[in-house]
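Asks: My questions will all concern the structure given below.
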Ligand code: NAP
Ligand code: HSE
């Protein structure tokens, strides 16, 4: 007997998955045991890139999750509702679920995994982070014996594409964003990508797996790339850095609170993440005793996500074939508690700041005094350019407590010589 799939959605990811399943020669032999039994869509009239019989396609997605014949529900429709309700119904009906929906998992993970555990079924989400990059299963399995201390990712292809082009061409954010939309990389509404929300969903999921606890999405400090200017990219380059939107989860010791954040970051040019360009994604995992492990690959697209979704389906087919009565702890979500998240004021990091000042004697000295008052030690301070009559001063600090740095900045803002502080970025 074949394993019957009910697929919710036949867009980029759904179509790629169906194409892969319909072309199984030369791939894992278990794929031949899978039947594409029902596929749910919004419109039956839309032209499709795959051939499916009229009995397979339906607009009644409820009927798929309620059909006793369906073994695995593959949710690749996206959005929060009705995706959440359909996932919950499928799980309550005893069906395993595969999903690519990071937005739903990051927001409703607690109820989704609780429902799955109660029903004795699995929720698999390899495509939700890093597209085709296998990172979810490695974190759950191969790396789980390590004490993870840092997960650092470039997990949003759209923003990495924009920053890469700003860097290589010296272009403005708005011009590159318009191009990215024309090329289909960025969505018509690019908010989730450029404001860091998509990356926040993804790091919440990775942190939860790496650090064994639930993450409250509201606790993830999130800053996007709209304020990154070509001036800062050029300064960063002169100082030996590239600017990347990093998603970071870090815990110094198993007893410390976790820091989970997304923000544009100056990355040293020699760092492994500095050379990840264009729409590619990469995730660097650091743990003890393994050291550094980096995952790299295509973070989006039909083929990449089809690979990830189908690998989840394959894992579930294997489970269904072995028919075990005991949940496999390496596939199930084992944690129930929320992680304690450290406030940003406690973060220890380096900062880059750009000041526009009146060109008066002693300004650099005053800046240094304000920083010194709060124990902020400077790694470099340069005055290289002018914007009109205003001098441009760029500062890179040593590691500093973010709260102290902010206090120093508040004092600096009050200095009469300071016109504005156009940029403030963290440094890896
Ligand atoms: P998409 O191209 O917009 O496709 C969505 C599909 O779901 C369409 O087939 C649509 O039907 C169907 N659908 C949506 N809402 C529906 C509703 N209420 N009732 C019935 N059918 C509905 O989306 P996608 O790019 O494949 O993304 C799917 C999921 O994968 C999202 O959660 C996304 O975040 C995630 N993901 C995507 C990528 C990527 O590269 N695209 C990468 C990683 C993760 P119609 O075809 O009839 O309109
Ligand atoms: N919008 C996402 C990105 C798609 O740009 O990375 C993959 O999740």
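Asks: For the condition modelled with pLDDT of 95 or more and surrounded by fewer than 18 Cβ atoms within 10 Å (Cβ to Cβ), what is the one hit in 277, 315, 281?
Replies: Of the residues listed, the single one that is modelled with pLDDT of 95 or more and surrounded by fewer than 18 Cβ atoms within 10 Å (Cβ to Cβ) is 277.
Asks: Continuing with the same structure: Criterion first (out of contact with any strand residue (DSSP E or B) (no Cβ under 8 Å at 6 or more places or on another chain) and more than 30 Å from residue 126 (Cα to Cα)) does residue 360 satisfy it?
Replies: It is true that residue 360 is out of contact with any strand residue (DSSP E or B) (no Cβ under 8 Å at 6 or more places or on another chain) and more than 30 Å from residue 126 (Cα to Cα).
Asks: Determine if region 40-60 includes at least one residue that is away from ligand 2 (no atom under 16 Å from the Cβ), free of Cβ contacts under 8 Å to residues at least 12 places away in the same chain and within 27 Å of the chain's Cα centre (by Cα).
Replies: No, every residue in region 40-60 fails to be away from ligand 2 (no atom under 16 Å from the Cβ), free of Cβ contacts under 8 Å to residues at least 12 places away in the same chain and within 27 Å of the chain's Cα centre (by Cα).
Asks: With the requirement that a residue be within 13 Å of ligand 2 (Cβ to nearest atom) and at pLDDT 95 or above, what does region 162-190 give you?
Replies: 162, 163, 164
Asks: Taking region 147-168 on its own, how many of its residues are away from ligand 1 (no atom under 16 Å from the Cβ), closer than 18 Å to residue 272 by Cβ and outside any helix (DSSP H, G or I)?
Replies: Within region 147-168, residues that are away from ligand 1 (no atom under 16 Å from the Cβ), closer than 18 Å to residue 272 by Cβ and outside any helix (DSSP H, G or I) number 5.
Asks: I would also like to ask the following. Contact list please: Cβ distance under 9 Å, first residue in region 1-13 and in contact (Cβ under 8 Å) with a residue 60 or more places away in the chain, second residue in a helix (DSSP H, G or I) and within 6 Å of ligand 1 (Cβ to nearest atom), pairs at least six apart or on different chains.
Replies: Filtered contacts from region 1-13: 6/61; 7/14; 8/14; 8/61; 9/61; 12/305; 13/127; 13/305.
Asks: While we're on this one: Is there a residue being touching a residue at least 24 places away in the same chain (Cβ under 8 Å) and more than 14 Å from the chain's Cα centre (by Cα) anywhere in region 190-201?
Replies: Scanning region 190-201, I find at least one residue that is touching a residue at least 24 places away in the same chain (Cβ under 8 Å) and more than 14 Å from the chain's Cα centre (by Cα), so the answer is yes.
Asks: Quick check on region 77-85. Is at least one of its residues free of Cβ contacts under 8 Å to residues at least 12 places away in the same chain and within 16 Å of ligand 1 (Cβ to nearest atom)?
Replies: Within region 77-85, one or more residues are free of Cβ contacts under 8 Å to residues at least 12 places away in the same chain and within 16 Å of ligand 1 (Cβ to nearest atom).
Asks: Suppose the filter is near ligand 1 (Cβ under 9 Å from one of its atoms), in contact with a helix residue (DSSP H, G or I) (Cβ under 8 Å, 6 or more places away or on another chain), at pLDDT 95 or above and closer than 18 Å to residue 314 by Cα; does residue 6 pass it?
Replies: no
A quick yes/no check of all residues on (1) out of contact with any helix residue (DSSP H, G or I) (no Cβ under 6 Å at 6 or more places or on another chain); (2) buried (at least 21 other Cβ atoms within 10 Å of the Cβ):
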| site | (1), (2) |
| --- | --- |
| 160 | yes, yes |
| 164 | yes, no |
| 168 | yes, no |
| 173 | yes, no |
| 179 | yes, no |
| 184 | yes, no |
| 189 | yes, no |
| 192 | no, no |
| 196 | yes, yes |
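Asks: A follow-up question, please. Looking at region 91-108, which of its residues are within 14 Å of ligand 1 (Cβ to nearest atom) and either in contact with a strand residue (DSSP E or B) (Cβ under 9 Å, 6 or more places away or on another chain) or outside the structural domain of residue 13 (by TED's automatic domain parsing) (or both)?
Replies: 97, 98, 99, 100, 101, 104, 105
Asks: Here's a follow-up. For residue 318, state whether it is under 30 Å from residue 2 (Cα atoms), more than 28 Å from the chain's Cα centre (by Cα) and not assigned by TED's automatic domain parsing to the domain that holds residue 258.
Replies: yes
Asks: Taking the options 200, 207, name whichever one is assigned by TED's automatic domain parsing to the domain that holds residue 167 and in contact with a helix residue (DSSP H, G or I) (Cβ under 9 Å, 6 or more places away or on another chain).
Replies: Result of the check over 200, 207: 200.
Asks: While we're here: Collect the residues in region 247-263 that are within 24 Å of residue 171 (Cα to Cα) and surrounded by fewer than 24 Cβ atoms within 10 Å (Cβ to Cβ), keeping them in residue-number order.
Replies: 263
Asks: Limited to region 270-318, what total is found for residues that are within 26 Å of residue 186 (Cβ to Cβ), away from ligand 1 (no atom under 16 Å from the Cβ) and in contact with a helix residue (DSSP H, G or I) (Cβ under 8 Å, 6 or more places away or on another chain)?
Replies: Residues flagged as within 26 Å of residue 186 (Cβ to Cβ), away from ligand 1 (no atom under 16 Å from the Cβ) and in contact with a helix residue (DSSP H, G or I) (Cβ under 8 Å, 6 or more places away or on another chain) within region 270-318 amount to 4.
Asks: Something else: Looking at (1) in a loop (DSSP other than H, G, I, E, B); (2) without any contact (Cβ under 8 Å) to a residue 60 or more places away in the chain, which one does residue 395 not meet, given that it meets all the others?
Replies: Checking residue 395 against (1) in a loop (DSSP other than H, G, I, E, B); (2) without any contact (Cβ under 8 Å) to a residue 60 or more places away in the chain, the one that fails is (1).
The values are calculated or read from the model by the stated rules, or taken from the named source; none is laboratory data. A quick note: this is a predicted structure, and the numbers were derived from the prediction, not measured. So basically every Cβ, Gly included, is an ideal-geometry build from the backbone, and we count neighbours across all protein chains shown.
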